[in-house]
Amino acid sequence: MKIRWDDPRWRRPVLTLLRGLVRLYRRTCRCELVASPEIRRLIAAEQPVIYTSWHCHLLAPLFHAYRFREAPSAIVLMASPSRDGELIAEVARGLGFEVLYGSRRKGGAQTLRQMAGWFRRGHSGGVVADGSRGPARVAQKGVVFLARDTRAPILPLAVAARRKHTFSTWDRFELPLPFTRLAILVGEPHRVRPEDRGPALAAAREELEARLNHLFFWSQRYFGA
């Protein structure tokens, strides 16, 4: 007999196990934040910001986000409405995040509007810049739309790991290994003006993509690999 993901006979114990493993894994890694004093103040403050990274680097910021923040409000995330996305979302909720479902193909615009409501209530949020299916390291429009509508600054992120495993997936997903050193690299705030439309919004998207790729290539050589 096939057991469904929403079957309570195994869903709850599996989630409990996964959340416990994540907390244990997080304690084994030494993680540093590589950011300017201005960015550190922005992260620690109550002001809403939009965290974004490439899909291949989403794991470490998810696990270590609250380590560098003083603000008590929960970070709201956008997750793919897929089986894998649902599993990640359930684990994230156990780590203190709020999660909304949406993607470029399934309700993404509506989810961004819901996220904007969270921002107006003082929350920060996280969106993967190249989405759940790519193409890899090509920024989609959702992040700049959200920044324009909320007036929140975008903080681009990348993750450097001294030891990691890189999967043969569309995004070349990177899994930092336990007991390794991590560095979360944070770029300068990227702001989108409320009046940006058409070519101006396209230019904002291209600039974000360039900043994320700069951080990505920096992450690949950060530990001298």
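The values are calculated or read from the model by the stated rules, or taken from the named source; none is laboratory data. Note that the structure is a prediction, hence the values are computed from the model and not measured. Positions of Cβ are generated from backbone atoms using ideal geometry, with glycine treated the same way; all protein chains shown enter the neighbour counts.
Listing for the model above:
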item: Enumeration of residues in segment 131-141 that are touching a residue at least 60 places away in the same chain (Cβ under 8 Å), out of contact with any Asp or Glu (no Cβ under 7 Å at 6 or more places or on another chain) and either crowded, with 23+ Cβ neighbours inside 10 Å or not charged (D, E, K, R) (or both); result: Gly131, Ser132
item: Of all residues making up segment 117-129, the number that are under 15 Å from the mean Cα position of the chain (by Cα) and either without any contact (Cβ under 8 Å) to a residue 24 or more places away in the chain or surrounded by 23 or more Cβ atoms within 10 Å (Cβ to Cβ) (or both); result: 6
item: Conditions (1) among the β-branched types (Val, Ile, Thr); (2) at pLDDT 85 or above; (3) farther than 25 Å from Asp149 by Cα: number failed by Ile75; result: (3)
item: Flag for Asp149 being under 13 Å from Leu58 (Cα atoms) and surrounded by 15 or more Cβ atoms within 10 Å (Cβ to Cβ); result: no
item: Conditions (1) part of a loop (DSSP other than H, G, I, E, B); (2) free of Cβ contacts under 8 Å to residues at least 60 places away in the same chain; number of the one not met by Arg40; result: (1)
item: Residue tally, condition assigned to a helix (DSSP H, G or I), of a type in the set (Val, Ile, Thr) and in contact with a Leu (Cβ under 9 Å, 6 or more places away or on another chain), over segment 138-155; result: 2
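Yes/no per residue for (1) part of a strand (DSSP E or B); (2) within 23 Å of Ile184 (Cβ to Cβ); (3) of a type in the set (Ser, Thr, Tyr); (4) at pLDDT below 95:
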| site | (1), (2), (3), (4) |
| --- | --- |
| Asp130 | no, yes, no, no |
| Arg133 | no, no, no, yes |
| Ala136 | no, yes, no, no |
| Leu157 | yes, yes, no, no |
